[in-house]
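Chemist: I am attaching a structure below and will ask some questions about it afterwards.
Every read-out reported here was derived from the displayed coordinates using simple, explicitly stated rules and does not represent laboratory data. Here the structure is a predicted model, which is why all the values come from computation and not from measurement. Every residue, glycine among them, receives a Cβ derived from its backbone with ideal geometry; neighbour counts consider all protein chains shown.
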Amino acid sequence: MFSYWEQKNFFSYDLIVIGSGFTGLSTAINFKRKNPKSNVLVLEKGIFPTGASTKNAGFACFGSLTEILDDFWKMTPDEVTALVERRYKGLQQIRKNFGDATLRYQHTHGFELLEEENLSAVDQLGEVNKMLKKIFKKEVFTLVKKPEKMGFSDRVKVVVENHFEGELDPGAYLGALWNMASEMGIKILTGVAVVEVQKDEGIVLAENSGKNKVYEFKGKKVAICTNAFSKKLWPESALEPGRGLVLLSKPLTEKIPWKGSFHLDKGYVYFRKVDGRLLLGGARNKDFEKEKSLDFEINPEIRAHLKSLAAEVILPGKSIEWEMEWTGIMAFGPKKSPLIQPIGEKTAVAVRLGGMGVAIGWQVGKELSQLLSKM
Ligand SMILES: Cc1cc2nc3c(=O)[nH]c(=O)nc-3n(C[C@H](O)[C@H](O)[C@H](O)COP(=O)(O)OP(=O)(O)OC[C@H]3O[C@@H](n4cnc5c(N)ncnc54)[C@H](O)[C@@H]3O)c2cc1C
C-alpha cells in the first residue's frame, strides 16, 4: 500500500532506463544533459551493476591486427574503418569526460602475439595502417623489435604493437558514471528487476528482489539497456549471449618484462598485469556453443586452456598461483555494430555491445539519448 506522496513522487518519470551498465548510465546522463529539467530513473536488478560492465578485462581497445583482418571477411573496408573510428572516438570521449586519473587509464599500448599460423597477418600490416591513416594520421601497428625480450615462449614468433590503445579499471569507470548520474539528480534504484515493459504505453513492471511484489512505473520514454539479458523484455531481439571467463592470479613474485594489454588467438584471448597480478581471460572460441549461455558458470575446459596458455606461452617457467575467477555475459549478433532503435511508441533499446563496450558504451548511450529526445 503506497501513500499519496509515494504515488505522486516515485512512480512517474520523463525517462526510465533499465540496466545500469556503461550503456544505461551513459544514456541517462546524456539524456539529462540535453533535458536538464527531466526526471530520470534507472532500474538495476543487481545491488550494483551485474552485467558485463563490471566483469570485463578493462582493455581500452579498438581491435588487434588479426581481429581487424578477420572483420574484412564480413564487412566492407569502409565499414571496418567506421567501426574502428567509432571505438577510438569512444575511448577519447570517456577520457575527456572523466579524466585518465579517475578511470585509472594507462596508455600502455596494445600488443598481439602471433604464432606460426597467424604470421600471414604481418604481410597485411602496411595495408591496414594505410587504411587507418585517415583516422590516426600515424601508423597504428608496428612490429616489436626484440619480442624475445618479453619472455614469451618461442611459439610466439612476432609481437605487433598498437600505439593507440591502453587499459583502465572498469569498476572505476562505472563508479565515475554512477557518481556523475547521482550528482545530476538521476535516481538509481538497485535490486529491482524489470519483468515486463509495455512498449507503447511506457509502463514498466518491476520486482523488488525476493519480495514477490510487482511495482508499476510509468515513463514518458523507456530505454532498455540490458544487453545480453534483453530477450525477456524484448523477445523478438536477435541477440546471442556470449560468456567470457576471467582468471586473476595471486601477486606475481617474479619480475615480468612487459606491460600493456595483450591479445592472442585473433583477440579471443587477452591478458594484462593488474596490481602486480596476471589477469587472463577469453577463449570463448574453444567452446562457442556452451558459451552461448546466460548462466554465470565456469566452463572447465576453457579454464584449463587458459591456465595452460599462461604456463606454456605467457609466463613460461614462472610460477603462477591463481586466486580469483569470474564470468560475465556479452551480447553478439550477425553484425558487430550495436543495435540502437525504437521498439515501441515510447520505448527504444541500445544493446549488442559485443566485446568493446569500454570503447563504445558512452557513445552508444549518447546516440540512444538523442533518439529518445526525438521520440
Ligand atoms: C569477461 C568479459 C571481458 C570483457 N572485456 C572487455 C574489455 O576488455 N574491453 C571492452 O571494451 N569490453 C569488454 N567486454 C565487453 C563489455 O564489458 C560490454 O560490451 C559492456 O560492458 C556492455 O555494457 P552494457 O551496459 O551494454 O551491458 P551490461 O554491462 O551487461 O549491463 C546490463 C545491466 O542490465 C542489468 N539488467 C539486466 N536485466 C535486467 C532487468 N530485467 N531489470 C533490471 N536490470 C537488468 C544487469 O544487471 C546489468 O547491470 C568484456 C565482457 C566480458 C563479459
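Chemist: Using only the alpha-carbon atoms of the stretch 116-198, report the extent along each of the three principal axes, biggest first, to the nearest angstrom.
Modeler: The Cα atoms of the stretch 116-198 stretch 52, 34, 29 Å along their principal axes.
Chemist: Let me check against my output: what whole-number percent is the relative contact order of the chain, with C-alpha pairs under 8 Å and at least 6 apart?
Modeler: Here the relative contact order equals 25 percent.
Chemist: Hey, another quick one. Give the long-range amide H neighbours of residue 108: residues separated by 5 or more places, or on another chain, with amide H under 5 Å away, using H modelled in the peptide plane at 1.01 Å from N.
Modeler: HN-HN under 5 Å from residue 108: 167.
Chemist: Can you give me the C-alpha center-to-center distance between the stretch 68-127 and the stretch 154-220, rounded to a whole angstrom?
Modeler: 24
Chemist: Right, something else. What Rg and what Dmax come out for the stretch 43-183 when only alpha-carbon atoms are used, in angstroms?
Modeler: According to the Cα coordinates of the stretch 43-183, Rg and Dmax are 17.3, 52 Å.
Chemist: Could you give P(r) for the stretch 273-342, binned at 5 Å from zero, as whole percent values over all Cα-Cα pairs?
Modeler: Pair shares across the bins are 3, 12, 22, 20, 15, 13, 8, 4, 2, 1, 0.
Chemist: Something else: For residue 220 and residue 341, calculate 0.36 nm times their separation in residues minus their Cα-Cα distance, and state this gained length in nm to one decimal. Present the calculation step by step, with values, prior to reporting the outcome.
Modeler: Numbers: separation 121, 0.36 × 121 = 43.56 nm, distance 1.65 nm.
Full-extension gain reported as 41.9 nm.
Chemist: Hey, what does the equivalent ellipsoid look like for the stretch 306-346, semi-axes from the Cα gyration tensor as sqrt of 5 times each eigenvalue, largest first, whole Å?
Modeler: 42, 13, 6
Chemist: Could you give the alpha-carbon Rg of the stretch 81-145 over 2.2 N^0.38 Å, rounded to two decimals?
Modeler: On the way: Rg = 14.4 Å, N = 65, 2.2 N^0.38 = 10.7 Å.
Compactness ratio reported: 1.34.
Chemist: Compute the orientation-averaged projected area for the stretch 221-375 from the convex hull of its Cα atoms and round it to one decimal in nm².
Modeler: Numbers: hull surface 40.8 nm².
For the stretch 221-375, averaging the hull's shadow over all directions gives 10.2 nm².
Chemist: Give me the extension gain from residue 187 to residue 33: residue separation times 0.36 nm, minus the current Cα-Cα distance, reported in nm with one decimal.
Modeler: Value of the extension gain: 54.0 nm.
Chemist: Just subtract the alpha-carbon distance of residue 248 and residue 5 from 0.36 nm times their residue separation and send over the number in nm, one decimal. Present the calculation step by step, with values, prior to reporting the outcome.
Modeler: Working: separation 243, 0.36 × 243 = 87.48 nm, distance 4.82 nm.
Additional length available on full extension: 82.7 nm.
Chemist: OK, next. Excluding residues fewer than 8 places away in the same chain, name every one of the lysines whose C-alpha is closer than 30 Å to that of residue 250.
Modeler: Of all the lysines, those that pass the test against residue 250 - Cα under 30 Å, at least 8 places apart if same chain - are 55, 146, 149, 157, 259, 266, 273, 286, 290, 292, 307, 318.
Chemist: Antiparallel versus total DSSP beta bridges in the chain: what percent is that, nearest 5?
Modeler: So the antiparallel bridges in the chain amount to around 70 percent.
Chemist: Under 22 Å Cα-Cα from residue 37, which lysines qualify once same-chain neighbours fewer than 8 residues away are excluded?
Modeler: Reachable lysines: 8, 187, 218, 220, 221, 346, 366, 374.
Chemist: Hey, got a sec? Which trypsin sites (Lys or Arg not before Pro) in the stretch 9-49 land in a DSSP loop and have at most 10 other Cβ atoms within 10 Å?
Modeler: Those that pass, being in a loop and sparsely packed, are 37.
Chemist: Compute the angle between helix 357-374 and the longest alpha-carbon principal axis of the chain, please, reported from 0 to 90 degrees and rounded to the nearest 10.
Modeler: 30
Chemist: Taking the Cα centre of the chain as origin and charging only Cβ (+1 Lys, Arg; -1 Asp, Glu), how large is the dipole, in debye to the nearest 20?
Modeler: Its charge dipole is roughly 1240 debye.
Chemist: Going by alpha carbons, how many degrees (0 to 90, nearest 10) lie between the helix axis of 170-183 and the longest principal axis of the chain?
Modeler: Its long axis makes an angle of about 30 degrees.
Chemist: Counting only Cα, what are the radius of gyration and maximum Cα-Cα distance Dmax of the stretch 13-98, in Å?
Modeler: Just the Cα atoms of the stretch 13-98 yield Rg and Dmax of 16.4, 47 Å.
Chemist: Can I ask one more? Can you tell me the dipole magnitude for the stretch 198-328 around its Cα centre, using point charges on the Cβ only (Lys, Arg +1; Asp, Glu -1), in Debye to the nearest 20? List each step's numbers first, then the result.
Modeler: Numbers: 23 positive and 19 negative charges, 88 e Å.
I would put it at about 420 debye.
Chemist: For helix 300-309, what angle does its Cα long axis make with the longest principal axis of the chain, in degrees from 0 to 90 and rounded to 10?
Modeler: The angle comes out at about 40 degrees.
Chemist: With a cut-off of 8 Å between alpha carbons and a minimum separation of six or more residues, what is the relative contact order of the stretch 241-332 in percent?
Modeler: Once divided by the residue count of the stretch 241-332, the mean separation gives 45 percent.
Chemist: Non-local amide H neighbours of residue 354 (under 5 Å, H modeled in plane, Pro and chain starts lacking H): which ones?
Modeler: Those lying under 5 Å, H to H, from residue 354 are 331.
Chemist: Using each residue's phi in the stretch 189-197, evaluate 6.51 cos²θ - 1.76 cosθ + 1.60 at θ = phi - 60° and report the 3J(HN,Hα) Karplus result to the nearest Hz, with x for Gly and Pro.
Modeler: Each residue of the stretch 189-197 in turn: 10, 9, x, 10, 9, 6, 10, 7, 10 Hz.
Chemist: On to the next question. Could you size up the charge dipole of the stretch 269-375 around its Cα centre, putting +1 on the beta carbon of Lys and Arg and -1 on that of Asp and Glu, and report it in debye to the nearest 20?
Modeler: Rounded to the nearest 20 debye, it is 480 debye.
Chemist: May I pose another question? Which residue, chosen from 224, 320, 371, occupies the Cα position most advanced towards the positive end of the dipole of the stretch 224-375, where the dipole is computed from +1 (Lys, Arg) and -1 (Asp, Glu) charges on Cβ about the Cα centre?
Modeler: Checked the options; the winner is 371.
Chemist: State log₁₀ I(q)/I(0) for the stretch 29-77 at q = 0.19, 0.24, 0.27 Å⁻¹ as given by the Debye formula over alpha-carbon point scatterers of equal weight, solvent excluded.
Modeler: -0.83, -0.91, -1.00
Chemist: Next question, about the same structure. With an 8 Å Cα cut-off and a minimum separation of 6 or more residues, compute the relative contact order for the stretch 1-145 in percent.
Modeler: 18
Chemist: Can you give the convex hull volume of the alpha carbon atoms of the stretch 154-218 per residue, in Å³?
Modeler: Details: hull volume 16.0 nm³, N = 65.
It comes to 247 Å³ per residue, whole-number rounded.
Chemist: Which value results when the Cα radius of gyration for the chain is divided by 2.2 N^0.38 Å?
Modeler: The value comes to 1.02.
Chemist: Still on this model: How many percent of Cα pairs in the stretch 169-291 exceed 20 Å? Before the final figure, lay out each step's value.
Modeler: Details: 4897 of 7503 pairs.
Summing the P(r) of the stretch 169-291 above 20 Å gives 65 percent of all pairs.
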